[in-house]
Amino acid sequence: MSAMPARTTSSPARPTSSGADGLRSGLYPGVVVHRRRGEIDHDLRQRVVMGLFDLDELDLLDREVTGFGVDRPAPVAFRTDDHGRADGSDLRDWFTEVTAGAGVRDVSGPLQVLSMPRVLGYAFDPISVWFGHDAGGRPSAVVHEVRNTFGQRHAYVVPDPLAGRVGPDPEGATVVRHRADKAFHVSPFFDVDGTYDFTLRMPDDRAALGILHHAGDGHTLTASFTGRRRAFTTAGLWRSMARHPLLPQAVTGGIHLHAARLWAKGATYRPVPDHDRGVTTGCPVTHDREPATEVAA
């Protein structure tokens, strides 16, 4: 195996730190939990694998990890056109553009995305979380890239995420909170209104994301992911994927299965509105309040 990148020591926050394998990239097998409360109560729980893909390490992963490919056919893959403008264009250019619109001046440092990989040629990732850093390695922007099953996508951009830092964390992790108005149709059983509260643990030995949606009619949906890091190696990849052989296919199937269960329970269906790919600017939550949802993995 070729030499791994040196451990990054200049950054004060965890996303730019390396794992024991010397990589910023990693694999995070974990669990997604949804809890819906209001007109209809409904819970779901599903095991998934998220990858933390550092854009500067993609070529190395493509060469060194057997069974993984970047922009080419492979059992497990990362495809540029699964993200950003969805046309195969440069992802760093897209990230720079959408964050500049939110007033972010410097995202020239490491850029990572926490997302589900493509498996056997199929991809569907309801949410991908992007971590941008300035030239000094400090987190300067977070972008939540959201997709629905109707082929639409939207980006929620949060400038200066450390302004919403929660601490001190007993494990020394960097946990941040931020908020954005809902501007994108995700579930046909919720209107496009209300707000999202995000609680995000910056990936290190663990990764976690909690989202609390306060709907305009008083209903709530809590969604969370928690996962523990594995090295992004051939062995790590296959151990992680062995329990999730058709990961995106299972996620898509689960979404439709639970939609059918909600329909059977009497949930009200909302038609899918027209939507141009858009960007919504969120803001760090700086006042003292409890996190939106538990993020300890």
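The values are calculated or read from the model by the stated rules, or taken from the named source; none is laboratory data. Small disclaimer: the values here were computed from a predicted structure and weren't measured. Every residue, glycine among them, receives a Cβ derived from its backbone with ideal geometry; neighbour counts consider all protein chains shown.
For the range 17-37, does any single residue satisfy the condition of being more than 30 Å from His213 (Cβ to Cβ) and at pLDDT below 65?
Yes, the range 17-37 has at least one match.
Consider the range 134-149. How many of its residues are touching a Ser or Thr at 6+ places or on another chain (Cβ under 6 Å) and part of a strand (DSSP E or B)?
Residues of the range 134-149 that are touching a Ser or Thr at 6+ places or on another chain (Cβ under 6 Å), as a first pass: 134-135, 137, 141, 145.
From what is left, the residues that are part of a strand (DSSP E or B) are 141, 145.
Adding up the residues that qualify gives 2.
Taking the residues in the range 131-172 that are loosely packed, with under 15 Cβ neighbours inside 10 Å and among the hydrophobic types (A, V, I, L, M, F, W, C) as candidates, determine which candidate is nearest to Val107 (Cα to Cα).
Going residue by residue through the range 131-172, those that are loosely packed, with under 15 Cβ neighbours inside 10 Å are 135-136, 150-151, 163, 167-172.
The next check asks that each one be among the hydrophobic types (A, V, I, L, M, F, W, C); those that pass are 135, 150, 163.
Values: Ala135: 7, Phe150: 31, Ala163: 16 Å.
Filtering first and then ranking leaves Ala135.
Go through the range 215-251 and give me each residue that's surrounded by 17 or more Cβ atoms within 10 Å (Cβ to Cβ) and either more than 16 Å from Met50 (Cβ to Cβ) or without any contact (Cβ under 8 Å) to a residue 60 or more places away in the chain (or both).
Once the filter is applied, which keeps residues that are surrounded by 17 or more Cβ atoms within 10 Å (Cβ to Cβ) and either more than 16 Å from Met50 (Cβ to Cβ) or without any contact (Cβ under 8 Å) to a residue 60 or more places away in the chain (or both), the range 215-251 yields Ala215, His219, Leu221, Thr222, Thr233.
Taking only the range 32-50 into account, find how many residues are over 16 Å from Arg239 (Cα atoms) and either in a strand (DSSP E or B) or under 15 Å from the mean Cα position of the chain (by Cα) (or both). Steps first, please.
Residues of the range 32-50 that are over 16 Å from Arg239 (Cα atoms), as a first pass: 32-46.
Subset that is either in a strand (DSSP E or B) or under 15 Å from the mean Cα position of the chain (by Cα) (or both): 32-37, 42-46.
Of the residues in the range 32-50, 11 are over 16 Å from Arg239 (Cα atoms) and either in a strand (DSSP E or B) or under 15 Å from the mean Cα position of the chain (by Cα) (or both).
Examine the range 166-177 for a residue that is modelled with pLDDT under 90 and part of a strand (DSSP E or B), and state whether such a residue exists.
Among the residues of the range 166-177, at least one is modelled with pLDDT under 90 and part of a strand (DSSP E or B), which makes the answer yes.
Looking at Ser89 and the list (1) assigned to a loop (DSSP other than H, G, I, E, B); (2) among the small types (Gly, Ala, Ser); (3) within 20 Å of Asp204 (Cβ to Cβ), which single condition is not satisfied?
All conditions pass for Ser89, except number (3).
Can you list residue pairs whose Cβ atoms sit under 7 Å apart, with the first residue in the range 140-153 being touching a residue at least 60 places away in the same chain (Cβ under 8 Å) and the second being buried (at least 22 other Cβ atoms within 10 Å of the Cβ) and of a type in the set (Asp, Glu)? Count only pairs 6 or more apart in sequence or on different chains.
Between residues of the range 140-153 that are touching a residue at least 60 places away in the same chain (Cβ under 8 Å) and residues that are buried (at least 22 other Cβ atoms within 10 Å of the Cβ) and of a type in the set (Asp, Glu), the close pairs are Arg153/Glu145.
Could you tell me how many of the residues in the range 30-55 are surrounded by 15 or more Cβ atoms within 10 Å (Cβ to Cβ) and over 17 Å from Met241 (Cα atoms)?
Here is the first cut: in the range 30-55, the residues surrounded by 15 or more Cβ atoms within 10 Å (Cβ to Cβ) are 30, 32-36, 38-40, 42, 44, 46, 48-55.
Restricting the remaining residues to those that are over 17 Å from Met241 (Cα atoms) gives 33-36, 38-40, 42, 44, 54-55.
Number of matching residues: 11.
So which residues in the range 114-133 are of a type in the set (A, V, I, L, M, F, W, C) and not in a strand (DSSP E or B)? Steps first, answer last, please.
In the first step, residues of the range 114-133 are kept if they are of a type in the set (A, V, I, L, M, F, W, C); the result is 114, 116, 119-120, 123-124, 127, 129-131.
The answer is Met116, Leu120, Ala123, Phe124.
Considering each of Asp93, Asp87 in turn, give the residue that is within 28 Å of Leu162 (Cβ to Cβ), exposed (fewer than 15 other Cβ atoms within 10 Å of the Cβ), out of contact with any Cys (no Cβ under 9 Å at 6 or more places or on another chain) and free of Cβ contacts under 8 Å to residues at least 40 places away in the same chain. Don't jump to the end; show me each part of the working.
On the way: Asp87 fails: within 28 Å of Leu162 (Cβ to Cβ).
Just one listed residue meets the conditions, Asp93.
Give just the number: which of (1) modelled with pLDDT of 95 or more; (2) outside any strand (DSSP E or B); (3) of a type in the set (A, V, I, L, M, F, W, C); (4) touching a helix residue (DSSP H, G or I) at 6+ places or on another chain (Cβ under 8 Å) does Phe53 not satisfy?
Only one criterion in (1) modelled with pLDDT of 95 or more; (2) outside any strand (DSSP E or B); (3) of a type in the set (A, V, I, L, M, F, W, C); (4) touching a helix residue (DSSP H, G or I) at 6+ places or on another chain (Cβ under 8 Å) is unmet by Phe53, namely (2).
So in the range 102-113, with the set limited to residues that are in contact (Cβ under 8 Å) with a residue 60 or more places away in the chain and assigned to a strand (DSSP E or B), which one is nearest to the chain's Cα centre (by Cα)?
Val113
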